[in-house]
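Notes follow the structure.
The values are calculated or read from the model by the stated rules, or taken from the named source; none is laboratory data. All values derive from a computational prediction rather than experimental measurement. When we count neighbours, we look across all protein chains shown, and the Cβ atoms used for this are built from the backbone with ideal geometry, even at glycine.
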Amino acid sequence: KKAEIGVIGMAVMGKNLALNIERNGHTVAIYNRTDARTKKVVEDHPDKNLVASYDLSDFVASIEQPRRIILMVQAGAGTDSVIDQLLPLLAQGDILIDGGNTFFEDTIRRSKKLDASGINFIGMGVSGGELGALNGPSMMPGGQKSAYDQLADIFEQMAAKADDGKPCVTYVGPNGAGHYVKMIHNGIEYGDMELIAETYNILRNLLGLSVEECAEVFKTWDQGELKSYLIEITADILTRKDDLGSGTPIVDLIVDEAANKGTGKWSSENALELGVPQSVITESVYARYISFLKSERVAASKQLSGPKVEPVSEDEKKELIDLLEKSLYFSKVMSYAQGFEQIKTASDHYDWNINYGDMAKIWRSGCIIRAEFLQNITDAFTRNPDLKNLLLDPYFKNIADQYQDSLRKVVSIAIKAGIPVPVLAAGITYYDSYRSAVLPANLIQAQRDYFGAHTYQRVDREGTFHYPWYPEQ
Ligand code: NDP
């Protein structure tokens, strides 16, 4: 019997996706460049419907036509190399799915190339890490709609299910749309993580809470409107002690240098390219970069002074914890407002026709940024599919009205105490800029005109103007 679908790449993600598909009642062909990985999967799962091949043409021949093949290999050159080897073996109408963390412009490029050979190409963002891949990830596929339709059944079976039972997968749009949305998902993930980290820093270093007490705060927040995977794992992380036996909370033993694989940077670069204000993700990327200047920071900490921090009273602590919960929620709203603004701008720019509400829907479960709060975004876009900015939706406008004061207070207190809050501050600054009918950009235009004769428009009449700044003009 031929396999219904194939997976190339038997590292952790590909193996788990294959097992996920098999669990849903399908026979899966598997292949990996290095035989040992494939052998291991077969040995570890002898009773599964897996058809293992150790030669790429055998693998292709083991799949029913039109073939559906998921690539789960290292993004970049690895993906190009596998596609090049596969191309002569495939037939018109076959569907290649790249499930790696691929840069969306690579997907656009590959999609054009494969189109010319009559091969369908789906670029699919997969989120949820290795457990998500096994038990149900959030999946963001982009490519030919007709090809997606031939995958929808299997994808819907594989995907995580939200509380209402709906699978966390939907057709995102043509060519690079799926990988684009995954990129923004990852950027938002950077923002969410940094916002939580800044809030934790205030709890620890301004309120003076112990790691255990912080764990309790996050546990409580995970029962409220902040309920989400990242808050849940943060609470759990903070309860964990040194696995090497010192008794110290593990978080205090981990070096404060946050690594990255570039997807946050891609989101920021693309925002700059499209002219979208994306301060939350960008500041989160910078926060990781500055964390990496560890030795410089340690040296600077011995030379540069900050303010004297007054201890916070027990009464103030309670009040501040409440403010922090609200400020975290409101700054998260700003992060998603920017993220969705970027998806909207990109959708117009690349002609993708993305359904924004559906994106929030497929992030409700399975992925790293899964959260109760995403339902509110879906609702907002259901109320108004053309919503310009999330902040203009009645639910989010109400949150802004109720919570902005908390974010203002938290940012002020942190700055006064010398605790860095680049992303919380970016959140409130974005809010204030976005709601300003007039910004001091008029002065910038005057400066540009002064030194470079760049001209300006006037508020009171049509046309382009240049001011006689110099007497000789
Ligand atoms: P890795 O990213 O570590 O990639 C290893 C796999 O890629 C191996 O199967 C390896 O084969 C294969 N590979 C690398 N280069 C080549 C090549 N030139 N030709 C053929 N095969 C090659 O594996 P992961 O399972 O972690 O991730 C797979 C994909 O999924 C990546 O794109 C990753 O970014 C993405 N992803 C990962 C997530 C995670 O949590 N890990 C989450 C979401 C997406 P070999 O064994 O022969 O070396």
- Message: Cβ-Cβ under 7 Å, sequence separation 6+ or interchain: first residue in region 31-53 and within 20 Å of Arg68 (Cα to Cα), partner surrounded by 15 or more Cβ atoms within 10 Å (Cβ to Cβ) and modelled with pLDDT under 95. Which pairs?
- Response: none
- Scanning region 92-126 for residues that are closer than 22 Å to Gly264 by Cα and part of a loop (DSSP other than H, G, I, E, B), the one farthest from the ligand (Cβ to nearest atom) turns out to be Phe103
- Within region 155-180, residues being farther than 15 Å from Leu374 by Cα and among the β-branched types (Val, Ile, Thr) number 2
- Query: Are any residues in region 442-458 of a type in the set (Gly, Ala, Ser) and assigned to a helix (DSSP H, G or I), and if so, which ones?
  - Reply: Ala446, Gly452
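Restricting attention to region 340-362, which residues are farther than 17 Å from Ser279 by Cα, within 15 Å of the chain's Cα centre (by Cα) and of a type in the set (A, V, I, L, M, F, W, C)?
Narrowing region 340-362 to residues farther than 17 Å from Ser279 by Cα: 347-362.
Subset that is within 15 Å of the chain's Cα centre (by Cα): 356, 359-362.
Result: Met359, Ala360, Ile362.
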- Select from region 193-244 the residues that are touching a strand residue (DSSP E or B) at 6+ places or on another chain (Cβ under 9 Å), without any contact (Cβ under 8 Å) to a residue 40 or more places away in the chain and not in a helix (DSSP H, G or I) and list them in ascending order. Ser210, Asp222, Arg240, Lys241, Asp242
- Note on the structure: Pairing a residue in region 1-26 that is at positive phi with any residue that is within 10 Å of the ligand (Cβ to nearest atom), where Cβ atoms lie under 6 Å and the two sit 6 or more apart in sequence or on different chains, gives Gly9/Met72; Gly9/Val73
- Message: Would you confirm, using the coordinates I've provided, whether Asp432 is modelled with pLDDT of 95 or more and outside any loop (DSSP other than H, G, I, E, B)?
- Response: yes
- Message: Here are the criteria: (1) surrounded by fewer than 18 Cβ atoms within 10 Å (Cβ to Cβ); (2) touching a Lys or Arg at 6+ places or on another chain (Cβ under 7 Å); (3) not in a helix (DSSP H, G or I). Tell me which single one Arg364 does not satisfy.
- Response: (1)
